[in-house]
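Worksheet for the structure shown next.
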Amino acid sequence: MRRTLLSIIALVLAIAAWGQTLKITTSSGTKEYQASQVTANQPATFTGGTTLTVADDVFTISDITNMLVVKSQESAVKANTVNIVYNGSTATVTMADNVSNYVTAEVSGAHVTITQTNTDAIDGDEITYVLSGSTTDGSLTLDGSYKCTVSLAGLTMTNPSGAAINITNKKRIQLSVKEGTESTLTDGTGGSQKACIYSKGQLQLQGKGTLNVAGNTKHAIKSGDYITVKNLTLNITKAVGDGISCEEYFQMKSGSVTISGVGDDGIQCDLGGDTSTGETTDHEDEDSGNIYLEGGTLNVTVTAAAAKGIKADGDMKISDGTITVKTTGGGAWDSDDKKTKASSCLSADGNMTISGGTLSLTSTGAGGKGINVDGALTAKGGTMTIKTSGNAVVASSSGTISTISSSQQLDRYDSDYKSSPKGIKIDGAITISDNAVISVTTTGAGGEGIESKTNINITGGQVTVNASDDAINSSYNDATKGTSGAGDLTISGGYVYARSTGNDGIDANGNCYIKGGLVYAIGTTTPEVAIDANSEEQKKLYVTGGTIIAIGGLESGSSLTQSCYSTSSWNKNTWYAMTVGSETFAFQTPSSGGSTLVVSGASQPTLKSGVTVSSGTKIFDGAGYTDANVTGGSSVNLSSYTGGGSGPGGGGGPGGWH
């Protein structure tokens with residue numbers, strides 16, 4: 001004991017030399033003291049030969065495992081910082097002196113438990129925990145009552161019996177990945193943890209490094225509050241549950257997130273409480289279940305039955321970013337809701353607004369959907385490419401799931417027992433305007449391109465749909481059936497291409513109004529048509545403007561205020577040019593369609609067959625050109641078309657597509 005005390009005294013005296021740092025290590029970690037803290041006015045003191053007091057800290061001498069004096073510039077711990085270095089089966093905790101009074105560390109092997117007691121900033125800043133090194137049996141558990149930062153600086157850590165990082169601190173936590181570093185976190189199957197990375201409070205994922213996460217028990221990343229993503233590269237390689245799960249709201253501002261190998265949804269955001277606050281200013285105290293995608297690159301692949309790529313309990317708002325989502329899982333019977341459910345790339349229980357970004361959504365499973373929204377969809381910007389290729393999925397009375405390849409067979413099933421593949425399925429209204437560019441392709445049985453259960457209003461943008469069932473369909477549900485405007489479809493601007501290989505091109509279960517824009521619709525053979533309205537319930541197609549090409553004809557009984565013309569002699573897979581006034585639209589005919597080709601414009605159009613397009617602006621995925629310059633071709637004779645309509649034709653009304 002005497003030799004130990006003499007060694008300690010010598011080290012304590014050595015620190016008095018200016019520019020020295022004293023490091024004292026116990027089982028709780030390492031604390032550092034600068035020379036300025038050990039002076040004649042505040043010396044290091046011994047009591048009873050059993051305790052050592054340095055600054056405001058008291059050490060039991062028998063607990064001290066190491067003491068070292070180094071040059072101050074060699075000190076690795078900055079103010080407001082705690083360094084945690086993992087090395088195989090051990091971990092070393094070193095903390096700056098200005099935070100040592102507020103941090104207690106317990107180390108068992110490479111499992112570190114931190115308790116942080118400050119309730120405010122220390123010296124104007126929060127505490128940062130810097131994690132580095134490698135261990136196959138380690139973890140970090142962090143508790144406290146004030147916000148802090150966990151910085152990953154090249155950490156490879158597996159916890160075989162629980163979460164790799166478990167944050168029970170309910171305050172805002174910044175999980176930052178240091179630039180130029182890569183960290184990999186994995187949990188095990190031996191615990192009951194909610195995720196590989198779990199935070200009870202708000203979780204801000206940031207930094208310019210790379211973070212890889214694998215969740216072997218439940219989720220990969222879980223927060224009991226909101227999650228935001230900024231700058232970092234995040235790769236979720238596995239999760240038994242969701243890739244990212246949170247409450248209140250999810251926001252991605254920038255960075256790159258890739259999610260695959262998950263057993264449930266890619267990203268899921270739930271409402272935290274019972275009542276939504278809705279979106280708040282700067283998201284302050286927000287509990288909405290909303291998802292905000294505002295930038296960055298997001299790649300999500302899910303394979304489970306009825307899994308969602310990105311799922312919001314509230315609204316989903318997409319304003320920027322490159323978003324790629326793929327679902328491959330089939331349908332499943334939900335025994336709680338007593339419904340057949342299927343996968344979808346984007347799903348919202350509230351409304352969805354898309355004002356920007358580039359979206360690529362692909363669903364190959366039975367009954368799968370690109371976008372599925374319980375509320376309304378507003379698309380006013382962005383570029384969307386949506387493809388579904390699965391057949392319809394149905395359930396028996398006992399909940400046994402099967403797929404069917406014939407659309408006609410679907411009529412035998414109640415709506416709760418079937419799910420059809422759809423590019424865009426919206427229970428509320430659909431509004432498409434401004435600069436939205438939408439391309440939808442569905443090939444499976446019952447595959448509708450765009451469907452609303454209330455009404456559709458297109459005032460701008462570009463819509464291209466190729467579907468095996470109705471290409472664009474406005475329907476109604478039990479709640480809206482019989483109410484004014486239910487099932488109505490209105491086109492007053494923009495560019496619309498709607499082709500069905502097995503049903504109507506455009507189908508309104510209410511009235512259909514064509515008032516403007518450029519509309520190219522293709523239906524299959526009788527009794528289906530290119531543009532349909534629900535005449536069985538005394539609804540009509542009203543044509544008062546726009547530029548129209550309809551292969552398959554118009555609904556019988558239509559009101560044609562603007563003159564329409566037709567020919568029954570059209571050639572398949574042929575380029576045509578239609579000129580209305582000074583504007584020429586070139587379009588390619590399909591390989592199949594109804595027998596009658598109908599055209600209409602603000603003035604009587606001219607039509608040429610077999611033209612060669614030399615220039616123009618390509619639209620409709622290459623099926624058309626606006627402002628087209630064409631050569632060759634032969635004139636097509638057009639006859640006045642009434643289609644059984646009540647109006648005499650003739651007349652005017654707003655025309656063109658600009």
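FRET efficiency for the pair SER405 and LYS618, taken as 1/(1 + (r/R0)^6) with r the Cβ-Cβ distance and R0 = 30 Å, rounds to 0.35.
Could you work out the relative contact order of the chain? I mean the mean sequence separation of Cα pairs under 8 Å and 6+ apart, divided by the number of residues, in percent.
Values: 2269 pairs, mean separation 32.9, N = 658.
Answer for the chain is 5 percent.
Between 0 and 90 degrees, the angle of helix 2-15 with respect to the longest Cα principal axis of the chain falls at about 60 degrees.
Hey, with R₀ at 22 Å, roughly what FRET efficiency would ASP270 and THR358 work out to, going by the Cβ-Cβ distance, to 0.05? Working shown, then result.
Working: r = 27 Å, r/R0 = 1.23.
For ASP270 and THR358, the calculated efficiency is 0.20.
Expressed as a whole percent, the accessible area of the chain that falls on carbon and sulfur atoms is 43 (1.4 Å probe).
Convex hull over the Cα atoms of the chain, averaged projected area in nm²? Before the final figure, lay out each step's value.
On the way: hull surface 139.3 nm².
For the chain, averaging the hull's shadow over all directions gives 34.8 nm².
Extent of segment 81-135 along its three principal axes (Cα atoms, max minus min coordinate, largest first): 35, 17, 14 Å. Using the Karplus relation 6.51 cos²θ - 1.76 cosθ + 1.60 with θ = phi - 60°, the per-residue 3J(HN,Hα) values for segment 181-196 come to 10, 10, 10, 10, 10, 9, 9, x, 9, x, x, 10, 5, 7, 6, 5 Hz, with x marking Gly and Pro. Convex hull of alpha carbon positions in segment 391-546: directionally averaged projected area 8.8 nm².
Taking each DSSP H run with n ≥ 4 as -39500 (n - 2.57) and averaging over every residue of the chain yields -1000 deg cm²/dmol at 222 nm. In a reduced charge model with +1 at each Lys and Arg Cβ and -1 at each Asp and Glu Cβ, the chain shows a dipole moment near 1460 debye about its Cα centre.
Using Cα pairs under 8 angstrom and six or more residues apart, how large is the relative contact order of segment 277-434, in percent?
On the way: 474 pairs, mean separation 31.6, N = 158.
This gives 20 percent for segment 277-434.
By the scheme Lys and Arg +1, Asp and Glu -1, what is the net charge of all other residues having a beta-carbon under 14 Å from that of VAL112?
Values: positive: none; negative: GLU106, ASP137, ASP143.
With Lys, Arg at +1 and Asp, Glu at -1, the net is -3.
Counted over the chain, the DSSP beta bridges are approximately 30% antiparallel.
Electrostatic bookkeeping for ARG172 treats Lys and Arg as +1 and Asp and Glu as -1; over the other residues with beta carbon under 13 Å from its beta carbon, the sum is -1.
Taking all pairs of distinct Cα atoms, average 1/r, flip it, and tell me the Kirkwood hydrodynamic radius of segment 119-248 in Å to one decimal place. Mind dumping the intermediate values first?
Numbers: mean 1/r = 0.0701 Å⁻¹.
About 14.3 Å, per the Kirkwood formula over Cα pairs.
Using the Cβ-Cβ distance between THR631 and ASN571 with R0 = 22 Å, the FRET efficiency computed as 1/(1 + (r/R0)^6) comes to roughly 0.80. Around the amide H of ILE173, modelled in the peptide plane, lie the amide H atoms of GLN202, LEU203, GLN204, all under 5 Å away and 5 or more residues distant in sequence or on another chain. Accessible surface computed residue by residue for the chain, with neighbouring protein chains in place and a 1.4 Å probe, gives 39 Å² per residue.
Close amide H partners of VAL465, meaning residues 5 or more places away or on another chain with modelled amide H under 5 Å apart, are VAL440, TYR497, ALA498, ARG499. In plain terms, if you count all Cα to Cα distances in segment 215-264 and split them into 5 Å steps from zero, the share in each step is 6, 22, 27, 27, 17, 2 percent. Each eigenvalue of the Cα gyration tensor of segment 282-350, multiplied by 5 and square-rooted, gives one semi-axis; in descending order these are 24, 17, 7 Å. Computing Rg and the Kirkwood Rh from the Cα coordinates of segment 562-645 gives a ratio, Rg/Rh, of 0.95.
Count Lys and Arg as plus one, Asp and Glu as minus one, and take only other residues whose Cβ is under 13 Å from that of ILE259; the net charge is then +1. Cut-off 18 Å, label point 7 angstrom out along Cα-to-Cβ of ASN435: give me the residues of segment 361-395 whose amide nitrogen falls inside. The answer is 378-385, whose backbone nitrogens lie closer than 18 Å to the label point.
Provide the gained length on full extension for the span THR168 to SER145, in nm with one decimal, where the gain is 0.36 nm per separating residue minus the Cα-Cα distance.
Between THR168 and SER145, full extension yields an extra 7.3 nm.
The values are calculated or read from the model by the stated rules, or taken from the named source; none is laboratory data. Being a predicted model, the structure only gives us computed values, none of them experimental. Positions of Cβ are backbone-derived with ideal geometry, glycine not excepted, and every protein chain shown enters the neighbour counts. Note: areas computed on protein heavy atoms with side chains; ligands, DNA, RNA excluded. Shrake-Rupley method; radii C 1.70, N 1.55, O 1.52, S 1.80 Å.
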